[in-house]
């Protein structure tokens, strides 16, 4: 949390490995006053109204949410200390911009990512590890055909859909998504679309702050953010789908409310309360198997 009062921070740079990961700020102005980085806020869920000195050398990244503005001096002082600034939606449901050069203290993780991706056998090993996580540790021995793994995952997700529909008492007629007319879907399918979009934004944040390579996916291939799609899918069944079915049930009870806003608010609370982005960061480290002791986000 931000701390009130003058910090008198030393000028020595703190390695990322010794910093806290993320600081969330909303509804205020981030600026430099008397040499200190100060956030003056009207108040939001996590912080009362007031002016707070920000220990910018002690965090790797600041996530600036709705209602946040930042001065040029603040950008300068953050860049000088390699502290990242990301403009995000409320509680991480969107990623709008990544500002300034920043990231891990070394290129180890990015190099490891590129090495694994460039070798066909190692790329499949990582994809298998991702499917192992998605399947709850159950993976057919020596199964290295990704199409077969996709089929296994598809059958499992169908069961997840039905189990959640039964749990929340929501009518379920199957997954439908019309890219040309997404609003034509039924309520629960709309909720899934919005929940997955929020989860994907969190995955993009996690990829950005770990210094990994967004374009190099192990399961997804064509997207410029293929690796973020890979990471998001690790949490699809455990995070996005429960959010969607809960939102659909809320709309069933209160049909006067919009499904997009309901889903986004529920997603934001879940992402923050359940530490989803830190969990994503840990999963990225796990699947890439990088030595964390050499400095990271």
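Quick note: the coordinates plus some simple rules give every number you see, no bench work behind them. Predicted model only: the values in this text are computed from it and were never measured. In this analysis, Cβ positions are derived from the backbone assuming ideal geometry, glycine residues included, and neighbour counts consider all displayed protein chains.
When 202, 71 are sorted by how many other C-beta atoms sit within 10 angstrom of their C-beta, beginning with the fewest, the order is 71, 202. Just so you know, the Rg over Rh for the stretch 16-99 is 0.93, from Cα atoms, with Rh as the Kirkwood radius. Of all DSSP bridge pairs formed entirely within the stretch 21-127, close to 60 percent run antiparallel.
Extending 7 Å from the Cα toward the beta-carbon at both residue 274 and residue 155 defines two label points whose distance is 2.6 nm. In this simple spin-label approximation, residue 162 and residue 132 carry label points 7 Å from Cα along the Cα→Cβ vector, and these lie 2.9 nm apart. Compared with the alpha-carbon gap, the fully stretched path from residue 111 to residue 260 is longer by 49.8 nm at 0.36 nm per residue.
Going highest first, how would you order 110-120, 203-213 by mean Cβ packing within 10 Å?
The packing order, highest mean first, is 203-213, 110-120.
Restricting the calculation to Cα atoms, the chain yields a radius of gyration followed by a Dmax of 20.6, 62 Å. Give me the one-decimal nm value for the distance between modelled label points at residue 118 and residue 45, 7 Å along each residue's Cα-to-Cβ direction. Placing both labels 7 Å along Cα→Cβ, they lie 4.2 nm apart.
Cβ crowding within 10 Å, taken as a proxy for footprinting-reagent exposure, orders 218, 227 from fewest neighbours to most as 218, 227.
Treat the count of other C-beta atoms within 10 Å as a stand-in for reagent exposure and order 44, 245 from fewest to most. Numbers along the way, then the final one.
Numbers: 44 19, 245 24.
Fewest to most other Cβ atoms nearby, the residues stand as 44, 245.
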